[in-house]
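To start, the structure itself, in structure tokens.
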Amino acid sequence: MDPQAPPSQAPVFRTHMVENQPPPLVPYDLWATDLPLREAVAREGGAWAEAELAAYGRIAGDALMPLGVLANENRPKFKPFDRYGNRIDEVEFHPAYHRIMELGVAHGVPNFAWRNADRPAAQVARMALSYLHNQADQGTSCPLTMTYACVPALRHQPVLAAQWLPKVVATAYDGGHVPMTQKAGVTIGMGMTEKQGGSDVRSNSTLAYPLGGGEYELVGHKWFFSAPMSDAFLVLAKIAGHGDGGLSCFLLPRFAANGARNAICIQRLKDKLGDWSNASSEVEFQGASAHLVGEEGRGVATILEMVALTRQDCMIGSASLMRQALTQALHHTRYRKAFGKFLCEQPLMRNVLADLALESEAHTALTARVARAIDASPRDPAEAAFARIATAIGKYWICKRAAVFVNEAQECLGGVGYVEETTMPRLYRQAPLNSIWEGSGNIQCLDVLRALAREPVTRAALFEELNRARGGHPAFDTAVASVADALADPEMLELRARTITERLALTLQAALLIGAGHRQVADTFCETRLAGVHGAAFGTLPVHAPMTTLIARALPH
Ligand SMILES: Cc1cc2nc3c(=O)[nH]c(=O)nc-3n(C[C@H](O)[C@H](O)[C@H](O)COP(=O)(O)OP(=O)(O)OC[C@H]3O[C@@H](n4cnc5c(N)ncnc54)[C@H](O)[C@@H]3O)c2cc1C
């Protein structure tokens, strides 16, 4: 070889062209591209917030997405001590976490409904904000949810409410380790679950020692205590010396009145399956100062007002997680070819995508309807009753479907769906969480039975909603009659609670789709989900199903 010859012009290290891959999805507009969400929000009266939702839809699909990746790649770290050996009990979050929180709070994810409480359907608009946010990062949805949900419970103590609520509903976020008096905005957490019992919360062993004037010292522990850097927590404890006087609810600030760190000792952070941007801890209260909220001994009833809203947010979280997984699947299959055709043109893949789209639309419709009922609850007892029962039904079914749904969407991407860079593994790890926390599946189903048995207004509200859609599809009419029969049969009701709750969820979703007026969507849902023309897996729609319509509604080109 001639040493004077110029270097070869042949490309060095080039082995192949990269082709048949989709273009990046992000940035994209989460609101503008989500017709089922926009229709559901309009149907439930939240269209007046279009400008705010459109703005946040653009942010969620742009700035928030890479921040979500960073916040999950860089998990929170527990710092028990400072460099001098002083106990500090701090959790250090990546700056991306704080930026996501800042954007979420500024755009109203935890506060929009309270700031606009005088406008009808403000809860529907907030539901949509949360739905958009959660698609970019799920971990921050936990503190944002708890901050949103604490409001009705805190109102039980007017002095505390006057002090805390203006900062709870503020649009400022401050992640600093300083007392709330030095902050313009605060976040709130909650502590119920102890080692010996989570579902059976009445087994809580934490004790509250009275100091007088509504002040107490808490001694005990919590086994799951998420977002431990919140500015305060609503917790349950028994008042010492009151025998079996029941649990009371307390506001436990992270800093005591004298400005010192409150005696909340973080033992460790949970090493969780998913939910990585968020920290969940185990804590001990070593004489932590706390204020009574609501009546002594009525703590469960008080905190249930918060739990009702966090359960709603579990529905929102799971519905939006499924929406994001669906979007990823639709985007990928529109650009990826196999056997000479785009995946989205292959008949069997179209069946899978259309089936996922149909189910996602039903979840979104029910989530938005529950938000409207919650919105109307203070003024309308029938809507309050509907919210009570539909939250339990929706929390069970929507959260239960997330894992299987996300897995199916993941499979649409093939092997790369199993790879972190696509975000599908993160969605998959997150998917089971909402069905576990805030009352696991069985607890929701038992709650449905309890509500129907003890609060007859819930049964009336539920069947009124179902009856409105009667005549919409023969399978729907049959399903309503059959679930009414199932409820009327007192034999082994508890054993049948899942069967009944699932049927109620599907008939309710069918009723909403019928009411929404999109005939093809409603008919396909009724035929497949109520009349049994469907297999156990996704992708088993009958051949005459309107696949093109279902797919086009889910994500326009
Ligand atoms: C990531 C994460 C974060 C969390 N953050 C918080 C937090 O911030 N604050 C907080 O208080 N808690 C938190 N939790 C705890 C969560 O709410 C509880 O784990 C949940 O309520 C279940 O309680 P448990 O774990 O004690 O399970 P158990 O109560 O032991 O229940 C185990 C199973 O038994 C079922 N079961 C219970 N009773 C019955 C029955 N009568 N019939 C049939 N089945 C029944 C349940 O449905 C469940 O499937 C968190 C959990 C997770 C995973």
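Points worth noting:
- Evaluation of Thr171 against the conditions (1) surrounded by 15 or more Cβ atoms within 10 Å (Cβ to Cβ); (2) of a type in the set (Val, Ile, Thr); (3) without any contact (Cβ under 8 Å) to a residue 60 or more places away in the chain; (4) more than 16 Å from the ligand (Cβ to nearest atom) shows that the sole unmet condition is (3).
- Scope segment 339-363; condition in a helix (DSSP H, G or I) and either of a type outside the set (A, V, I, L, M) or on the phi > 0 side of the Ramachandran plot (or both); matching residues: Cys344, Glu345, Pro347, Arg350, Asn351, Asp355, Glu359, Ser360, Glu361, His363
- Total residues in segment 182-197 satisfying the condition of being more than 10 Å from the ligand (Cβ to nearest atom), surrounded by fewer than 18 Cβ atoms within 10 Å (Cβ to Cβ) and assigned to a loop (DSSP other than H, G, I, E, B): the figure is 2.
- Within segment 379-418, considering residues that are farther than 15 Å from Glu438 by Cβ and among the β-branched types (Val, Ile, Thr), the one farthest from the chain's Cα centre (by Cα): Val416
- Of all the residues in segment 250-262, those that are under 30 Å from the mean Cα position of the chain (by Cα) and either exposed (fewer than 15 other Cβ atoms within 10 Å of the Cβ) or in a loop (DSSP other than H, G, I, E, B) (or both) number 2.
- Qualifying residues in segment 460-471 (those that are of a type outside the set (A, V, I, L, M, F, W, C) and surrounded by fewer than 17 Cβ atoms within 10 Å (Cβ to Cβ)) - the one nearest to the ligand (Cβ to nearest atom): Glu464
- Flag if Asp200 is away from the ligand (no atom under 16 Å from the Cβ), of a type in the set (Asp, Glu) and either under 28 Å from the mean Cα position of the chain (by Cα) or surrounded by 21 or more Cβ atoms within 10 Å (Cβ to Cβ) (or both): no
- Options Ser289, Ser226: the member that is modelled with pLDDT of 95 or more, buried (at least 18 other Cβ atoms within 10 Å of the Cβ) and within 13 Å of the ligand (Cβ to nearest atom): Ser226
- Inside segment 260-286, residues that are more than 10 Å from the ligand (Cβ to nearest atom) and among the polar types (S, T, N, Q) make up a count of 4.
- Given (1) aliphatic (A, V, I, L, M); (2) within 27 Å of Phe78 (Cα to Cα); (3) touching a residue at least 60 places away in the same chain (Cβ under 8 Å); (4) more than 13 Å from the ligand (Cβ to nearest atom), index of the condition Leu207 fails: (3)
- Search result, residues across segment 41-75 that are in a loop (DSSP other than H, G, I, E, B) and among the small types (Gly, Ala, Ser): Gly45, Gly46, Gly61, Ala63
- Yes/no for Ser248 being more than 15 Å from the ligand (Cβ to nearest atom), in the same structural domain as Phe225 (by TED's automatic domain parsing), of a type in the set (S, T, N, Q) and in contact (Cβ under 8 Å) with a residue 24 or more places away in the chain: yes
- Any hit, segment 490-498, residues being part of a helix (DSSP H, G or I), within 30 Å of Asp275 (Cβ to Cβ) and either away from the ligand (no atom under 16 Å from the Cβ) or touching a residue at least 40 places away in the same chain (Cβ under 8 Å) (or both): yes
- Which numbered condition Ala71 fails, given (1) modelled with pLDDT of 95 or more; (2) surrounded by fewer than 16 Cβ atoms within 10 Å (Cβ to Cβ): (2)
- Looking only at residues of segment 343-382 that are without any contact (Cβ under 8 Å) to a residue 24 or more places away in the chain and among the acidic types (Asp, Glu), we find that the one that is farthest from Cys399 (Cα to Cα) is Glu345.
- Positions within segment 142-166 being part of a helix (DSSP H, G or I), touching a residue at least 24 places away in the same chain (Cβ under 8 Å) and of a type outside the set (A, V, I, L, M), in sequence order: Cys142, Pro143, Thr145, Thr147, Tyr148, Pro152, Trp164
- Against the criterion of being buried (at least 20 other Cβ atoms within 10 Å of the Cβ), within 16 Å of the ligand (Cβ to nearest atom), in contact (Cβ under 8 Å) with a residue 24 or more places away in the chain and part of a helix (DSSP H, G or I), Pro110 does not qualify.
- Members of segment 300-338 found to be in a helix (DSSP H, G or I) and charged (D, E, K, R), listed by number: Glu305, Arg311, Asp313, Arg323, Arg334
The values are calculated or read from the model by the stated rules, or taken from the named source; none is laboratory data. What you see is a predicted model; the values in this text were computed from it and never measured. Neighbour counts are summed over all protein chains in view; Cβ atoms, including those assigned to glycine, are modelled from backbone coordinates with ideal geometry.
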